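Enquirer: This is the structure I want to talk about, given as structure tokens.
The values are calculated or read from the model by the stated rules, or taken from the named source; none is laboratory data. Predicted, not measured: the structure shown is a model, and the values here were computed from it. Cβ placement follows ideal geometry from the backbone for every residue including glycine, while neighbour counts extend to all protein chains displayed. All accessible areas refer to the heavy atoms of the entire protein, side chains included, with ligands and DNA or RNA removed. Shrake-Rupley method; radii C 1.70, N 1.55, O 1.52, S 1.80 Å.
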Amino acid sequence: MTLGPRLDLRQSQQLVMTPQLQQAIKLLALSNLELETYINGELEKNPLLEMAGEEPGDRTNDADADGERPAASGEDPPSAADLIETGASETDAPLDVDLNAETFHHDCASDTPMPATGGLDGGLGLSGMSVTGGSGGGDEDGEGLESILTAELTLHDMLIAQMAGLDQRTQMIVRHLIDMIDESGYLVGDLNDVAMRLQVEWDEVEAALKIIHGFEPTGVGARSLAECLALQAIEANRHDPAMERLLANLDLLARGEMASLKRICGVDDEDISDMIGEIRGYNPKPGLLVGGGGAQPIMPDLFVIQKADGTWAVEINGATLPRLLVNRSYYAELSTATSGKREARTFLSECLASASWLVKSLDQRQRTIIKVGTELVRQQEAFFLHGIQHLKPLNLRAIADAIGMHESTVSRVTSNKYLSCERGLFELKYFFTSAIQASDGGDAVSAEAVKTTIRELIDGETPNKILSDDKLVELLRDAGFDIARRTVAKYREAMGIGSSVQRRRQAAIESAAA
């Protein structure tokens, strides 16, 4: 065989994903609150974007001048594809692609994804679409704690407010320690490291920590659960030697070894019961008593409502999504002003193109979420009607096959998104559960239904009749669930329920305390 150069013609197919298409796919995985944060960032970057009022009448007439008007109230907004002129090849590309399965090469700076600019061109809003189916500064002026509690404070703010009256050196150490306290009220870090970092004596750091121990809420600044409870016991004037020994042996209390505790503390049954009852009245996480701890509320992305005719309405939560406009009048004005400046005109064109692309991505994101949510409600209708016991086994592929999309698209849509219905607030992933075979050979049931039954059986047990895992298996089989003992143990541990031995000991402790 001879070696030599030659020319061949080959025909092949490959998927070419532009940076804009990659961006549109990634938008599917964002929740409404994450999307709002993203759009707020784009408002600062793109001069052609502006925030519109909630009511259509409050919007500017710039969009109306171009013939683009917001959708009428109560109607589905028009597709962005009908409102925006875009390139045929990119805009027609589907978002239903497994992004992780594709390989992208970025050989130069021009290959990096172009940051998108968000906007709803011509007043196209994200609401109304439906289908049927802390840190705080120091209190330099020494203001009283009462004047600060009227505002929403973080734990950090509350502790800083109690530093009034300390000398400057002590304030410096105390402030540093306060910065090391987590939201639960515990000090995270080592005092030796603090002394080395601030170049002060260890005794000064220890004295500063004792000052914090005197702050409200009681127990803040503790380095362990035992120390936190001890501070509260001292405040209640209950920190005697017996209580000190009890707090030093909390592990024995957790295991229910009452005999060992009575021997160590030198008390009888009545005294140990009183001490345990006293401990139960303390707060193991005092920092959480202060508002403004930084926890973000969960906002639903979808609302599911049953209408009068028995059908279901699935609607996007538009309250968490800003309504944007592309100011085309401003674009025309800037284009005229920069007619002789090539770089400026290129920048304006990129801003308008990226905003237009994002409009279509947001519109398609809405419709995809609605489509997945509607099919989810259809397949889990028994849950919405009758409760968790009727939750059916379901996987991503079943939804993807039903709506004609890729499984990875359904996975992105259901990630970090919540659904609100009459039965409460649920993560979309909650409705996807594994199947448990029915003992009578009937239809399989979901794992969540089995977990709920296990919890109900355990909640209904009496102190004199604690159910073992083997007994739970028997009761579950009587209820129609064919499940192995190891599966019962796995589900029980996943729900944070102890074994029968642990529950029996806990029942004995509660009886003794009563």
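Enquirer: Mind listing whichever residues of region 334-357 are surrounded by 14 or more Cβ atoms within 10 Å (Cβ to Cβ), in a helix (DSSP H, G or I) and among the hydroxyl-bearing types (S, T, Y)?
Expert: The answer is S335, S354, S356.
Enquirer: Could you say whether any residue in region 442-462 is more than 23 Å from H390 (Cβ to Cβ) and modelled with pLDDT of 80 or more?
Expert: Yes - at least one qualifying residue is present in region 442-462.
Enquirer: Kindly provide the set of residues from region 182-202 that are closer than 19 Å to T170 by Cβ and part of a loop (DSSP other than H, G, I, E, B), ordered by number.
Expert: G189, Q199, V200, E201
Enquirer: Here's a follow-up. Listed residues L231, L261, L288, L252; which is in contact with a helix residue (DSSP H, G or I) (Cβ under 9 Å, 6 or more places away or on another chain) and open to solvent by 40 Å² or more (accessible area, probe 1.4 Å)?
Expert: L288
Enquirer: Just one of the numbered conditions (1) part of a loop (DSSP other than H, G, I, E, B); (2) modelled with pLDDT under 80 is not true of L9; which one?
Expert: (2)
Enquirer: Same structure, new question: Could you grab me the full set of residues in region 468-514 that are outside any helix (DSSP H, G or I) and in contact with a Leu (Cβ under 6 Å, 6 or more places away or on another chain)?
Expert: Matches in region 468-514: I483 only.
Enquirer: Same structure, new question: Only one of (1) at pLDDT 85 or above; (2) out of contact with any Ser or Thr (no Cβ under 9 Å at 6 or more places or on another chain); (3) open to solvent by 60 Å² or more (accessible area, probe 1.4 Å); (4) assigned to a helix (DSSP H, G or I) fails for H239. Which number is that?
Expert: (4)
Enquirer: Which condition number does Y331 fail, the rest of (1) at pLDDT 85 or above; (2) in a helix (DSSP H, G or I); (3) among the aromatic types (F, W, Y) being met?
Expert: For Y331, the failing item is (1).
Enquirer: Please note which helices (runs of 4 or more DSSP H) are completely contained in region 358-414 and include at least 2 residues that are more than 22 Å from G310 (Cα to Cα) and open to solvent by 30 Å² or more (accessible area, probe 1.4 Å).
Expert: 396-403, 407-413
Enquirer: To continue, here is another question. Yes or no: S434 hydroxyl-bearing (S, T, Y), modelled with pLDDT under 80 and either more than 32 Å from the chain's Cα centre (by Cα) or farther than 30 Å from D269 by Cβ (or both)?
Expert: yes
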